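Asker: Have a look at the structure that comes next, please.
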């Protein structure tokens, strides 16, 4: 039975930790130059409705290193851009490829694509969730701190797809999460309710100082995501004070880690001094997108062992 990777809460903690274990193995093989062609001869269709740097490069390079091939498909240059129903695209691609990764706006669209595909579908980003990024984030924390589930995580900024995904992760893995957003920019209330019903330890506040105090991990994202460019000035006013800077870092634990999914607007949601400072693990986090996504693809599309 095929399995899709649309949202972290579709998986159990143990299933996701198996992906982490495979990721660790694959990263070691990548660094040593040891071949690991787990998807030899397979093809991944990559559908993009949103611009991308890290997602495209990491999935494309990842498929190459796994022995497969990735196809870059921009929606505007496919029949999807001319109105072909998603269910028809799903059926056609299922006959050609071994997996689909899509980076799009609508979570509903990706769920429809998965429902009508007979091959695994991976969420490369929607306006609702960004699960591959969260997996890379947590794997990076694990590399630095080991027992990542015992740490206190802090999200400061917009209640966007990243905030929603952190809330998802708190429910699945059981760590404490503090979320600080301005009023009217809260995460999805349904996702918060579902996470709390699952027993998630979530503290919500409109005060970033409260959220950052004694935190082990500080995290943020841009104030205006793709598709919100017209709101940039309005959001800049609303998010005044919701910046990860040296003062906020000083409130966290002495060895706190700072993350950002990138691209960063330096001087807005995070300062240059923090990005370049000793607490930041931002570029390790970016690299780990490659290794985590390889583990996800290998798990969903093929043999999930390096032997």
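Read-outs: derived from the displayed coordinates by stated rules, not from any lab. Because the structure is a prediction, the values reported are computed rather than measured. Please note: Cβ atoms are built from the backbone with ideal geometry, for glycine as well, and neighbour counts cover all protein chains shown.
Asker: Which three semi-axes in whole Å describe the equivalent ellipsoid of the chain, each the square root of 5 times a Cα gyration tensor eigenvalue, listed largest first?
Answerer: They are 31, 22, 18 Å, listed from largest to smallest.
Asker: Also, quick follow-up: Taking the Cα atoms only, what angle lies between the long axis of helix 161-173 and the longest principal axis of the chain, rounded to 10 degrees?
Answerer: Approximately 90 degrees, to the nearest 10.
Asker: Using only Cα atoms and rounding to the nearest 10 degrees, what angle (0 to 90) does helix 131-145 make with the longest principal axis of the chain?
Answerer: Tilt relative to the chain: about 60 degrees.
Asker: Summing -39500 (n - 2.57) over the DSSP H runs of n ≥ 4 in the chain and dividing by its residue number, what mean residue ellipticity at 222 nm do you reach, to the nearest 500 deg cm²/dmol?
Answerer: Rounded to the nearest 500, it is -13000 deg cm²/dmol.
Asker: Between residue 37 and residue 203, what is the label-point separation in nm under the 7 Å Cα-to-beta-carbon projection?
Answerer: It is 5.2 nm.
Asker: Using Cα pairs under 8 angstrom and six or more residues apart, how large is the relative contact order of region 133-285, in percent?
Answerer: That works out to 24 percent.
Asker: Counting other beta carbons within 10 Å of each Cβ, put 184, 51, 94, 165 in order, fewest first.
Answerer: Exposure proxy ranking, most exposed first: 184, 51, 94, 165.
Asker: Let me ask you something else. Counting DSSP beta bridges in region 133-285, what percent are antiparallel, to the nearest 5?
Answerer: The antiparallel fraction comes to roughly 0 percent.
Asker: Take the Cβ-Cβ distance between residue 13 and residue 79 as r, set R0 to 30 Å, and report the resulting FRET efficiency rounded to the nearest 0.05.
Answerer: Once the sixth-power term is evaluated, E becomes 0.15.
Asker: Over 5 Å intervals from 0, what percent of Cα-Cα pairs in region 152-283 sits in each interval?
Answerer: So the P(r) values, bin by bin, are 2, 12, 23, 25, 20, 13, 5, 1.
Asker: Modelling each spin label as a point 7 Å along the Cα-to-Cβ direction, I'd like the residue 145/residue 88 distance in nm, to one decimal.
Answerer: Spacing of the two 7 Å Cα→Cβ label points: 4.9 nm.
Asker: How large is log10 of I(q)/I(0) for region 152-198 at q = 0.14, 0.29, 0.30, 0.31 Å⁻¹ when the intensity is taken from the Debye formula with one equal scatterer per alpha-carbon?
Answerer: So the normalised log intensities work out to -0.27, -1.15, -1.21, -1.26.
Asker: If you wrap region 87-238's Cα atoms in a convex hull and average its projection over all directions, what's the area in nm²?
Answerer: Average of the hull's projected areas for region 87-238 equals 10.3 nm².
Asker: Right, here's the next one. If I build a Gaussian network model for the chain, linking alpha-carbon pairs within less than 10 angstrom, which residue out of 219, 123, 253 has the largest mean-square fluctuation?
Answerer: Among 219, 123, 253, the largest mean-square fluctuation in the Gaussian network model of the chain belongs to 253.
Asker: In percent, what relative contact order does the chain have, based on Cα pairs under 8 Å that are 6 or more apart in sequence?
Answerer: It rounds to 21 percent for the chain.
Asker: Using Cα atoms only, what is the angle between the long axis of helix 13-32 and the major principal axis of the chain, expressed in degrees (0 to 90) to the nearest 10?
Answerer: 80
Asker: Follow-up question, since we're still on this one. Please figure out what share of the DSSP beta bridges in the chain is antiparallel and state it in percent, rounded to the nearest 5.
Answerer: In the chain, approximately 0 percent of DSSP beta bridges are antiparallel ones.
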